[in-house]
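A short write-up of the structure that comes next.
The values are calculated or read from the model by the stated rules, or taken from the named source; none is laboratory data. Owing to the predicted nature of the structure, the values given are computational and were not obtained by experimental measurement. Positions of Cβ are backbone-derived with ideal geometry, glycine not excepted, and every protein chain shown enters the neighbour counts.
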Amino acid sequence: MEGYERIVVADEGRRFPFRRPFDTLSRFEISAGKQKMMKRPNPRSFLPAVLFTAFAVHGLLPAIQPAIAAASARQNPDPAITQTRVLAEVTEIDASGKRVVVKTDAGNIVIVLLDDKTEFLRVPPGEKSLDKAIKTTLAEVAVGDKIYARGRVSEDHKSVPAQTLVVMSKGDIQKRHEQERLEWRRRGISGVVSALNADAREITIQARSLEGVKAVVVAAAENTQYRRYAPDSVKFADASSSLFVELKVGDQLRALGNKSADGARFTAEQIVFGTFRTIGGTVKSVSPDSKEIKVEMLGSKQPLTVVINADSMLRRIPPQSAMFLAMRGQAGAAGGTAAGTGARPQGPPAGAQGGQPSGAAPAGAAPAGRPGMQGGPGSGPRMEGGGDFQDMLERMPPVTLTEIKPGDVIAVSSTVGADASRLTAITLVTGVDAVLAALQSAGMPRRTVNLSTGLPAGVLDLGISPP
């Protein structure tokens with residue numbers, strides 16, 4: 001890597017240190033040792049720009065384009081590609097030509113060249129060594145599998161003759177991810193950081209549930225794993241390794257661990273956090289080709305551009321859920337009660353007809369054992385399994401970009417990026433106008449819109465997504 005000095009610290013044979021399990025693959029390493037980077041000035045980093053200008057002026061640019069491409073690859077490194085390995089997803093297999101085409105998370109295409117000496121191995125998800133690797137063949141590799149190809153990568157980062165090809169099947173990855181999602185739902189907690197105690201490694205968060213907002217102390221141990229969303233990042237799995245000192249008041253946090261009997265403390269095994277923003281706005285235009293939505297923020301009228309990518313989650317708030325969300329927001333504003341009445345927001349406002357007999361399974365109930373949103377005739381939707389809005393959100397009807405029209409009122413969450421006028425959507429929901437209307441209905445005090453978000457506080461918790 002240009003501008004860095006690489007130092008081998010210790011030989012670990014075939015062990016491969018990395019920050020996250022193999023199934024995420026963005027920082028997977030199989031190498032002869034741990035490596036340490038030290039920054040130092042390097043005048044060669046300026047050479048490609050100088051050469052480009054000089055040769056372009058003299059009409060000799062085509063002759064040096066390969067060298068420029070190689071220099072560009074070094075100056076703009078893809079973390080999935082180094083001098084000795086490639087981490088990517090299989091997009092094409094040419095068995096007769098003994099090659100596999102792969103694509104990194106950053107979108108770079110690399111051709112993996114195979115020969116009779118290439119060693120094929122398969123490992124299960126989550127493994128941090130090759131102890132459980134089994135031999136496999138090219139015939140068992142499929143499109144969608146994740147691979148680690150070890151070999152000398154070409155200078156332009158376009159090909160690698162693989163000495164070893166380590167494979168994880170797409171099916172195994174999906175099973176692993178589903179297990180992790182269930183674990184985070186069962187043993188997870190989320191909220192906004194309100195205080196930090198570095199000496200005690202304690203984080204106080206404001207966690208929202210059906211009872212309203214409650215302060216919970218998240219206690220971290222020496223072996224607690226920290227990960228942080230990068231600017232403009234979308235995927236939970238792409239959060240990078242971090243430290244306690246990088247936490248800030250106002251960050252949104254999701255932790256995996258164990259809650260105390262009274263729910264006031266939480267012992268964390270893993271902590272994922274980031275700086276997010278959630279905005280509400282009216283759609284002005286939609287461009288399916290560029291996957292962009294122009295919006296005008298509610299309240300401030302500020303224009304923004306929302307970018308949609310393959311990992312963005314788009315959902316529609318059904319009308320029957322709007323009242324529940326409004327009451328849930330009122331519960332938080334009233335210190336744990338719906339509109340300050342002392343009642344939990346499990347049904348319609350006072351005076352609504354209908355109801356659900358105690359113990360009866362309401363229509364549309366989630367399957368047994370699965371936390372979800374339930375609702376019955378006249379009863380309004382309600383949450384089980386901890387009242388996590390993200391769980392409810394995932395089960396709302398999906399919506400496509402082409403279904404979003406000018407005039408729709410939407411809410412969008414994203415990490416805080418370099419350009420404040422552009423948001424890469426982690427989550428986008430339509431139907432927000434129905435929620436705002438419910439907030440103004442009878443029995444619900446008028447809520448003030450936050451001009452920095454365009455939304456009443458505490459109504460839509462779209463920030464940090466589940467795994």
Answer yes or no: is there a residue in the range 245-253 that is crowded, with 19+ Cβ neighbours inside 10 Å, part of a strand (DSSP E or B), at pLDDT below 90 and among the polar types (S, T, N, Q).
-> yes
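Only residues that are part of a loop (DSSP other than H, G, I, E, B) and either on the phi > 0 side of the Ramachandran plot or surrounded by fewer than 20 Cβ atoms within 10 Å (Cβ to Cβ) (or both): list them for the range 284-311, please. If you could, list the steps in order and put the result at the bottom.
Of all residues in the range 284-311, those part of a loop (DSSP other than H, G, I, E, B) come to 288-291, 298-302, 308-311.
Selection gives Pro288, Asp289, Ser290, Lys291, Gly299, Ser300, Lys301, Gln302, Asn309, Ala310, Asp311.
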Thr278 vs (1) farther than 23 Å from Asp433 by Cβ; (2) touching an Asp or Glu at 6+ places or on another chain (Cβ under 9 Å); (3) at pLDDT below 90: all pass except (1)
Output for Cβ contacts, cut-off 7 Å, separation at least six or different chains, first residue under 26 Å from Val216 (Cα atoms) and touching a residue at least 12 places away in the same chain (Cβ under 8 Å) in the range 263-288, second outside any strand (DSSP E or B) and among the aromatic types (Phe, Trp, Tyr), reads Val272/Phe236; Gly274/Tyr229
Would you call Asp251 within 19 Å of the chain's Cα centre (by Cα) and acidic (Asp, Glu)?
yes
Filtering the range 312-347 down to residues that are buried (at least 24 other Cβ atoms within 10 Å of the Cβ) and at pLDDT 85 or above yields Ile317
Among residues of the range 259-283 being of a type in the set (S, T, N, Q) and farther than 18 Å from Ala215 by Cβ, the residue surrounded by the most Cβ atoms within 10 Å (Cβ to Cβ) is Thr278
Matching residues in the range 243-297 (under 30 Å from Pro406 (Cβ atoms) and in contact with a helix residue (DSSP H, G or I) (Cβ under 8 Å, 6 or more places away or on another chain)) number 5
